[in-house]
Amino acid sequence: GFWYNPLMSQEKKSKLEGNAVDRPLHYTSHPSGIEAIIVCAEMNFCLGNAFKYLMRLDKKWDSLEDVKKSDWYIQYEIFKRSFLTKDQYSTPPLTDVDSSWKQDVAKLDNQDTFRLDKVWSSARNIKKIVGLTPGHVGRAMLYIWLADLDFGIENLKIARTYIQAEIKLRETQTEGTI
């Protein structure tokens with residue numbers, strides 16, 4: 001297949017739109033106009049997958065399953081980084097992480113925070129994606145990306161707090177429709 005290059009001509013881009021192999025609609029339909037691969041290719045495997053499932057959320061068949069897949073990849077990354085079993089770590093309460101949200105998203109405006117041009121370019125994409133992704137999902141995406149920049153687990157725990165809140169919300173909505 002043809003590999004998508006963000007620098008290719010508009011004519012070539014238009015030929016690939018909606019192509020089931022190279023550019024399926026669920027890959028290209030985020031309101032930011034940014035394709036998941038542009039961000040995820042720069043991330044490690046687990047975090048890139050966790051991010052991808054959230055970025056494409058509600059574009060495929062089972063959204064609850066996709067949120068749970070994202071959570072699974074984050075749990076696995078926490079496990080790899082901490083050498084703990086899944087039962088030996090906890091996530092902070094949603095009220096605690098919500099209080100620092102505005103400060104953390106504001107970091108995306110500060111180029112000094114990100115010393116490498118590549119990271120700064122990615123930060124601008126993340127801000128656009130997060131700004132157009134509402135609620136818990138957008139917030140989880142920010143912390144997944146931040147976790148990819150460091151090797152600790154705190155940002156992963158915060159991302160997981162938001163993902164767990166989203167799972168709970170979607171399970172409640174699913175129960176109401178049965």
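The values are calculated or read from the model by the stated rules, or taken from the named source; none is laboratory data. Just so you know, these numbers come straight off a predicted model, no measurement behind them. Cβ coordinates were reconstructed from backbone atoms using ideal geometry, including for glycine residues, and neighbour counts include every protein chain displayed.
The listed residues are Lys102, Lys80, and the only one of them that is out of contact with any His (no Cβ under 8 Å at 6 or more places or on another chain), assigned to a helix (DSSP H, G or I) and modelled with pLDDT of 70 or more turns out to be Lys80. Residues in the range 142-178 that are among the β-branched types (Val, Ile, Thr) and assigned to a loop (DSSP other than H, G, I, E, B) were compared, and the one that is surrounded by the most Cβ atoms within 10 Å (Cβ to Cβ) is Ile153. Evaluation of Ile126 against the conditions (1) modelled with pLDDT of 90 or more; (2) surrounded by 14 or more Cβ atoms within 10 Å (Cβ to Cβ) shows that the sole unmet condition is (1).
For Asp112, the stated conditions hold: it is loosely packed, with under 12 Cβ neighbours inside 10 Å and modelled with pLDDT under 70.
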